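FYI, it's all coordinate maths here, none of it is from the lab. The structure presented is a predicted model; accordingly, all values stated were derived computationally and were not measured. A quick note on method: Cβ atoms are made from the backbone with ideal geometry, for glycine too, and the neighbour counts reach across all protein chains shown.
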Amino acid sequence: MDLGIAGRWALVCAASKGLGKGCAVALAGEGVNLVITARGAEALEATAAQIRAAHPGVEVRAVAGDITTPEGRSAALAACPQVDILVNNAGGPPPGDFRDWGRDEWLKAVEANMLTPIELMKATVDAMAGRGFGRVVNITSGAVKAPIDTLGLSNGARSGLTGFVAGLARQRRLAGANVTINNLLPGWFDTDRVKATTQATAAKTGQSIEAVLEKRLAGIPAHRLGTPAEFGAFCAFLCSAHASYLTGQNILLDGGGYPGTF
Ligand code: NAD
């Protein structure tokens, strides 16, 4: 299926690795030009080079910087001739117990996982509406739908974003101008972050990495981790010309892990 977005420009945040990279690669495969960001320049440049080699027809601009800062966001936006597609992403907050978190920890999580995507939408969606096409995909978490006790910072900050997006996506001046805003909720995907948390749990509990992973898989009917490529493919469809009637939704990609009927 031709997704009908070749030649458009996408800003994909936090895209040197993992889910962000999966989205960037899938969009490039559809002929979309990219601005990709990440904090570490080396990994980011390597990803940009890999995408350029695989898709010589698209332009890929790499902007190193912290997307959770005003400077990082300005640099990313300045590098993109026009943002037709915005994929919001950043590192997730650390796990822990809410009794140990102070105001600083909360502000950091809210800054990264709620206010940063809101600032980037504020900077882009009205211009998208003016051009009659826009797609925003916010990478959030399955924890928005089924909270994970140790990820309280993520549960809280991302739920704030989710509530805000539910209203924004339904503004007639956006939805009526072919601008869609949706949230993609990953369950467990095979990325560096999940490898690191699996290793940390194994070290903390004295279990083998295989045993920790098997326990995790036991809660996933598909009995495997998702891949960044399949996450990216779904994101690309949400950004496609065909997905214009889908907005304000929270879509779980979790191999059936969420046990509810709806
Ligand atoms: P990852 O660690 O594999 O990759 C994160 C990417 O984000 C890297 O490219 C890193 O350089 C970049 N990054 C992190 N903080 C940044 C910042 N402040 N500015 C710019 N770039 C930044 O992580 P992932 O597994 O791909 O996760 C992506 C997001 O999805 C995270 O917020 C994570 O909490 C969330 N999530 C992931 C899963 C999963 O199964 N992988 C599940 C639920 C939620």
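Going by how many other Cβ atoms sit within 10 Å of their own, how do 189, 98 line up, fewest first?
Fewest to most other Cβ atoms nearby, the residues stand as 98, 189.
For a bin width of 10 Å, list the pair-distance distribution of region 193-244 built from all Cα-Cα distances, rounded to whole %.
22, 36, 24, 14, 5
Mind telling me which of 18, 132, 232 comes out most flexible in a GNM of the chain, alpha-carbon contacts under 10 Å?
Taking springs between Cα atoms under 10 Å, the residue moving most is 132.
Could you run the Karplus curve 6.51 cos²θ - 1.76 cosθ + 1.60 with θ = phi - 60° over region 122-128 and give me ³J(HN,Hα) per residue in whole Hz, x for Gly and Pro?
4, 6, 10, 5, 5, 5, 4
Name every cysteine in the chain that ends up alone, with no second cysteine's Cβ under 4.7 Å, or say none.
By the Cβ distance rule, which asks for a partner under 4.7 Å, the isolated cysteines are 13, 80, 239.
Which of the residue pairs 122/215; 17/108; 145/215 have a Cα-Cα distance greater than 29 Å in the structure shown?
Values: 122/215 41 Å; 17/108 21 Å; 145/215 20 Å.
The answer is 122/215.
Per residue of region 246-256, what does 6.51 cos²θ - 1.76 cosθ + 1.60 with θ = phi - 60° give for ³J(HN,Hα)? Whole Hz please, x for Gly and Pro, Karplus curve as stated.
Computed from phi, the couplings for region 246-256 are 10, 8, x, 9, 10, 10, 7, 10, 9, x, x Hz.
Considering the convex hull of the alpha carbon atoms of the chain, report its projected area averaged over all viewing directions, in nm², one decimal.
Values: hull surface 56.5 nm².
Hull-based average projected area comes out at 14.1 nm².
Would you please report the Å³ per residue occupied by the convex hull of the alpha carbon atoms in region 145-256?
Numbers: hull volume 11.9 nm³, N = 112.
Convex hull volume per residue, Cα atoms: 107 Å³.
Given Cα pairs under 8 Å that are at least 6 residues apart, what percent is the relative contact order of region 148-262?
Worked out over region 148-262, it gives 40 percent.
Short version: ³J(HN,Hα) in whole Hz for each residue of region 30-45, in order, from phi by Karplus 6.51 cos²θ - 1.76 cosθ + 1.60 (θ = phi - 60°), x for Gly and Pro, what are they?
9, x, 8, 6, 10, 10, 10, 10, 5, 6, x, 5, 5, 5, 5, 5
Under 5 Å between amide hydrogens, which residues at least 5 positions from residue 34 or on another chain qualify, with H placed 1.01 Å from N in the peptide plane?
Residues meeting the amide H criterion: 10, 59, 60, 61.
Going through region 192-249, which trypsin sites (Lys or Arg not before Pro) have at most 15 other Cβ atoms within 10 Å and a DSSP loop state?
In loop regions of region 192-249 (DSSP not H, G, I, E or B), the sparsely surrounded trypsin sites (Lys or Arg not before Pro) are 224.
Jot down the per residue volume, in cubic angstrom and as a whole number, of the convex hull over the alpha-carbon atoms of region 1-113.
Roughly 107 Å³ of hull volume per residue.
Please pull out the direction-averaged projected area of region 1-40, using the convex hull of its alpha-carbon atoms, in nm² to one decimal place.
Computed as one quarter of the Cα hull surface, the answer is 2.7 nm².
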